[in-house]
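In what follows, a structure is listed as structure tokens, so that the remarks can point back to it.
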Amino acid sequence: MTADLHEQATLVAMLRTRPEGMTWPDITAEVVAAGCASQLWDRLQPPVLLARPGEPDPIDQAADDIRGWKAAGLIFTTVLDSSYPVRLRGIHEAPPVLFGRGDLRAEDVGVSVVGSRKASQRGLSMAEAIAAELTNRHITVIAGLAQGIDTAAHRCALDRGGRTVAIIGTGINRYYPSQNRKLQDTIARNGLVLSQFWPDASPQKHMFLMRNATMSGYGIATIVVEAGETSGARAQARMAVEHGRPVILTDLVLDNNQWAKPLVGRPGVHIARSLRDVIGIVESLCSARAEEDEFIHQLIQA
């Protein structure tokens, strides 16, 4: 077993066994702080002289599973790996492991385009127009593969030859909603489908909120095109504010939802009443991000 595989397998083993009742976020935080998984495992799981007869070693079992996932064509990465998305690692809900199909990039400048599943025609048209403008600027269109706004954004990016990333709320081997099966496969061939859940995990309500946090962390900003009072996009807007990531709310959101009004005036929250407003804000954010990256690069080189 290579050193990299051993570290990956050790992390998977810890997530499965949850030593001392640790939660996944607890394990992730401690592993990141330590810089490796094996050190934490050795501290929490001291070696036993005699293993129980017939009981597989959890690290060996995890290594076999990782080999199987990769043999099946899945991308597998952990929060400790260089292939893990850089911006996503910076949030406190960073998933410890990710599964993907397609083109995983550690550095990916993307913007989430999210909103209601039961979108109006104006909302759908706006999502398509925003996705088109992002694609024209070589910015990745991130969405959650839900019906409505997400689907419109994904399809527009694909139709224009752009990059789109679908961050899903199920295991990578599942299709949800079933109507988007073909779309999910197309994104896997031409962009990236990403999941933070075990490959065969069925959809559950809490998983979609976890997915929204990941979408916020992956991108440089979130655009909420249209959303209801109980929409997952509403949750993502609040998460993005907590993450210190910019949020762009369209007038469709602000004028029709009470939840959006308290966000007005919060740091990083922008209001857009036209497509020109949305793109102007995105361009400013990208310029600021480029200047920040250059400053950090110069500090490293000094």
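The values are calculated or read from the model by the stated rules, or taken from the named source; none is laboratory data. Bear in mind that the values here come from a model prediction, so they are computed numbers and not experimental data. For neighbour counting, all protein chains shown are included, and Cβ atoms are generated from backbone atoms with ideal geometry for every residue, glycine included.
Taking each residue of segment 152-163 that is crowded, with 24+ Cβ neighbours inside 10 Å and looking for partners that are hydroxyl-bearing (S, T, Y) with beta-carbon atoms closer than 7 Å, six or more apart or interchain, yields H154/T164; A157/T135; A157/T164.
Criterion applied to R276, R266 was being part of a helix (DSSP H, G or I), surrounded by fewer than 17 Cβ atoms within 10 Å (Cβ to Cβ) and at pLDDT 90 or above, and the one residue passing it is R276. The lone criterion from (1) hydrophobic (A, V, I, L, M, F, W, C); (2) assigned to a loop (DSSP other than H, G, I, E, B); (3) at pLDDT 95 or above left unmet by V48 is number (3). Looking at this structure, is T164 β-branched (V, I, T), more than 17 Å from M215 (Cα to Cα) and modelled with pLDDT of 95 or more? When the stated conditions are applied, T164 does not pass them.
One line per residue, one yes/no per condition, for (1) farther than 23 Å from A240 by Cα; (2) of a type outside the set (F, W, Y):
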| residue | (1), (2) |
| --- | --- |
| V12 | yes, yes |
| T28 | no, yes |
| S38 | yes, yes |
| W41 | yes, no |
| G68 | yes, yes |
| T77 | yes, yes |
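Residues in segment 71-108 that are under 24 Å from L183 (Cβ atoms) and part of a strand (DSSP E or B) were compared, and the one that is nearest to the chain's Cα centre (by Cα) is L98.
Residues in segment 19-45 that are touching a helix residue (DSSP H, G or I) at 6+ places or on another chain (Cβ under 7 Å) and not in a helix (DSSP H, G or I): C36, A37, Q45. Using the structure shown, decide if R105 is farther than 18 Å from F197 by Cα, at pLDDT 95 or above and either exposed (fewer than 14 other Cβ atoms within 10 Å of the Cβ) or not assigned by TED's automatic domain parsing to the domain that holds A237 (or both). Spelling it out, R105 is indeed farther than 18 Å from F197 by Cα, at pLDDT 95 or above and either exposed (fewer than 14 other Cβ atoms within 10 Å of the Cβ) or not assigned by TED's automatic domain parsing to the domain that holds A237 (or both).
Cβ separations smaller than 6 Å between residues 6+ apart or across chains give no pair from segment 117-143 residues that are over 12 Å from R160 (Cβ atoms) and of a type in the set (D, E) to residues that are at pLDDT 95 or above and surrounded by 16 or more Cβ atoms within 10 Å (Cβ to Cβ). Cβ-Cβ distances below 7 Å connect the following pairs, each with a first residue in segment 238-251 that is under 17 Å from E226 (Cα atoms) and without any contact (Cβ under 8 Å) to a residue 24 or more places away in the chain, a second residue that is outside any strand (DSSP E or B) and basic (K, R), and a separation of six or more residues or different chains: D251/R273.
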